[in-house]
Each structure stands twice: as structure tokens, then as C-alpha cells.
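*Asks:* Attaching a single structure in C-alpha cells format; questions to follow.
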Amino acid sequence: MNMWRTDARGNTIEILIPMNDDRQYNEQEAEEILKLAARDATAGGMSRKKLLETAAELGISPETVARAEKQVRLKREVERNEEEDRELRRQFISEQRSNFMKDFWSYVGVNAGLIGIWFMTGSSYFWPAWVLICWGMGLLIDFFTTYWSKDEAKYQRWRRRRFRKSMSGKQMIAKSKPLLEEMITSGEVTKLDAVRELRERLSLDSRDAQDIADQYEMENPGVFT
């Protein structure tokens, strides 16, 4: 029995399969073989038309393919959001540490000047100690907050300010749609749930989250329960 397939360069390759081959594979082996064969067959990508034709040969309806496409798009969007959040956290940490070092050197410079003034005036009472101790205690707390503890609320406030400065209203709506579609696909969703999820996942304030949910409901009547 002869079979034909096309490789990634468009060349047609003949595959010879003996008719009397009665070997047996267990479930795991069969799955692995088919996965490798599918990966080889789709090397270089595949058009949607070809995808639908291949699915039809396997008895998969276009509606099923469309649902799978939507799930893949939503999954990719979630992955992009997670990667963006990781990058923003790295930027937040870097910015916080940079700000701490600026405060530290300000502390050193100012107190060095105060000690110099105290020394030049010949005062016996070491009054710069009050500034050294009070400011130093605040700086010490800031040190542990910056380098040791994870202040999630502080990060969310920083992200919210950054988000509002960098994005317009249309951009916020466009970024919110995949998240709302993911929620609706997974089950019934109330508008309150949508607003809460938008606030948590995109670091929006209540007003912006409510406006986005209202706009989405206006475009998709009856979408919320």
C-alpha cells in the first residue's frame, strides 16, 4: 500500500506501508506516534482552509474546529497577560530598589551635612541624632519592604497608575475583551463578577472596570446573568 504526503518544502514523498504489518501499539505509543506525525505534517504552518479540510477527513465538524480555535486564542491571550505581569513585576522591583537607593544616599548626604553643621558650631548636644534615628527607622522599614516582603497592594497600585497613563479607553476595552470572553465561555457570569475580575486581572479601578463591563454588555446584550 502506497501513501503520499507533502513535506515542509512542498515536495511530494511516497510512503510505503506493508499490508501485512499487524503490529500493535498501546495507547501511549499510538498517541505519541500520531503526535509526532502531525507535527511533521504541519511543519511550516497550515492555512485555515487546509486545517478545516484535514479536520473534515477526521470527521471533525467546522463548528468544533471554531470552538477549539477560540479556546486556543483565549489560552494564548492568558499566556500573554501572564508574561506581561511577570515583566511588570520585574520592572516594579527594579524601580522600587532604585528609589530606595536614592533615598539611602539622600539620608547619607543630608545627615552628613547636619553632622558637619553640628561639628562646626561646637555644640555639645548631638541634635542630629534625632534625624538619624527617625529617618533611619523609616529607611529600615523601607529596606525590608523593598527587598524582603512582597507588598501586593503596593504593586497593584503601581501597576494601576502605569496602566492608566499608558493606555487609552479603547485600548483598555480591547485588552479586556479576551478576558471577558474567557469568563463567559467557562460559564454564567454576573456583571459584578466581571467587574471584580477586571479589577484584579488588569489592575483597573472600580470606575474603569464598571465602564468596560457596561460597554461590553451594550455590544453583547444579555451576556451577563
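*Asks:* I'd like the chymotrypsin sites (Phe, Trp or Tyr not before Pro) in the range 53-133 restricted to DSSP loop residues with at most 14 other Cβ atoms within 10 Å, sorted by number.
*Replies:* 125, 126
*Asks:* Can you list the equivalent-ellipsoid semi-axes of the range 110-152, largest first and in whole Å, using the square root of 5 times each Cα gyration tensor eigenvalue?
*Replies:* 31, 9, 5
*Asks:* Pull out a ≥ b ≥ c, the square roots of the eigenvalues of the alpha-carbon gyration tensor of the range 75-124, then state rounded if a/c is under 1.5, prolate if not and a/b is larger than b/c, and oblate in the remaining case.
*Replies:* prolate
*Asks:* Let me ask you something else. When we measure straight from the Cα of residue 191, which lysines land under 23 angstrom away, once same-chain ones fewer than 8 places off are left out?
*Replies:* Reachable lysines: 70, 75, 170, 175, 177.
*Asks:* When every alpha-carbon pair in the range 86-206 is counted, what percent end up more than 26 Å apart?
*Replies:* 48
*Asks:* Can you bin the range 177-225 into rounded, prolate or oblate? Criterion: square roots of the alpha carbon gyration tensor eigenvalues sorted a ≥ b ≥ c, rounded for a/c under 1.5, prolate for a/b above b/c, oblate for the rest.
*Replies:* Verdict is oblate for the range 177-225.
*Asks:* Can you pull out the GluC sites (Glu not before Pro) in the range 188-225 whose DSSP state is coil and whose Cβ has at most 10 other Cβ atoms within 10 Å?
*Replies:* Of the GluC sites (Glu not before Pro), the ones in loops of the range 188-225 whose Cβ has at most 10 other Cβ atoms within 10 Å are 188.
*Asks:* Next up: Please identify the trypsin sites (Lys or Arg not before Pro) of the range 72-157 that satisfy two criteria: DSSP loop assignment and at most 11 other Cβ atoms within 10 Å. Which are they?
*Replies:* Here the sparse-neighbourhood loop sites are 150.
Quick note: the coordinates plus some simple rules give every number you see, no bench work behind them. Predicted model, so just to flag it, every value in this text is computed and none were measured. All Cβ positions, even for glycine, are placed from backbone atoms using ideal geometry, and neighbour counts span all protein chains on display.
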